[in-house]
Amino acid sequence: MAQTRCAASFSGCGSLSLVSVVIALAGCGRDGVGATAVGVVTIDGKPAPAGIQIDFQPLGPGGSTSTGITDAQGRYDLFFTAARRGVMPGECQVRLSITDAPGPNGIPTVPEQLKGVRLPEAYRGDGSPLTRTVKPGHNTINIEIDTASVPPRAK
């Protein structure tokens, strides 16, 4: 019954034409979100190794965390889910962590390229003092980590 009502109300919108639908969709981002973000993570001036997880958590109400994983050159691309690219526009807290990978017998272990990586505790979890502003559209946001001068954790 609800389906019939919905179809009936949509068909009654004579002013909604194919042209207006195309124009409305043209304003949406490529992936149907307000923003995308890519960048490079460096640690002490060198590209972060593959496998560093980077999370952008919107500081405003609502909004979903977007996550990326660095490649061998420290590059990342943010995604809401594995299949949905994007990030919420606005001020975001940035968190970094080392991701485990399945090891022998399925037991999680730190990948070889991440062993010995110095990733300050201050940048992990909800207390990270690192923030970046994401603007609508495409963003390039590089993250530079200097392990010698780590700011205190946010409260």
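Tabulated results
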{"quantity": "Qualifying positions in the stretch 42-69 - touching a Leu at 6+ places or on another chain (Cβ under 9 Å), over 16 Å from ASN139 (Cβ atoms), not in a loop (DSSP other than H, G, I, E, B) and not aliphatic (A, V, I, L, M)", "calculated": "GLN53"}
{"quantity": "Among (1) surrounded by fewer than 16 Cβ atoms within 10 Å (Cβ to Cβ); (2) more than 11 Å from the chain's Cα centre (by Cα); (3) more than 19 Å from ILE145 (Cβ to Cβ); (4) not hydroxyl-bearing (Ser, Thr, Tyr), the one test that GLY90 misses", "calculated": "(1)"}
{"quantity": "Filter pass, LYS135 being exposed (fewer than 15 other Cβ atoms within 10 Å of the Cβ), out of contact with any strand residue (DSSP E or B) (no Cβ under 6 Å at 6 or more places or on another chain) and modelled with pLDDT under 95", "calculated": "no"}
{"quantity": "Set LEU16, LEU96: member being farther than 30 Å from GLY127 by Cα, surrounded by 11 or more Cβ atoms within 10 Å (Cβ to Cβ) and at pLDDT below 95", "calculated": "LEU16"}
{"quantity": "Residue that is nearest to the chain's Cα centre (by Cα) [pool: residues in the stretch 36-47 that are surrounded by 20 or more Cβ atoms within 10 Å (Cβ to Cβ) and aliphatic (A, V, I, L, M)]", "calculated": "ALA37"}
{"quantity": "Residue match in the stretch 64-73 (condition: hydroxyl-bearing (Ser, Thr, Tyr), surrounded by fewer than 16 Cβ atoms within 10 Å (Cβ to Cβ) and touching a strand residue (DSSP E or B) at 6+ places or on another chain (Cβ under 9 Å))", "calculated": "yes"}
{"quantity": "Members of the stretch 116-135 that are under 10 Å from SER97 (Cβ atoms) and of a type in the set (A, V, I, L, M, F, W, C)", "calculated": "LEU119"}
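For (1) at pLDDT 75 or above; (2) in contact with an Asp or Glu (Cβ under 6 Å, 6 or more places away or on another chain); (3) surrounded by 18 or more Cβ atoms within 10 Å (Cβ to Cβ); (4) closer than 29 Å to ALA148 by Cβ, each residue gets a yes or a no:
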site	(1), (2), (3), (4)
PHE10	no, no, no, no
GLY32	no, no, no, no
PRO49	yes, no, yes, yes
ARG84	yes, no, no, no
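The values are calculated or read from the model by the stated rules, or taken from the named source; none is laboratory data. If you're wondering where the values come from, they're calculated on a predicted model, not measured in any experiment. FYI the Cβ positions are ideal-geometry reconstructions off the backbone, even for glycines, and counts take in every protein chain you see.
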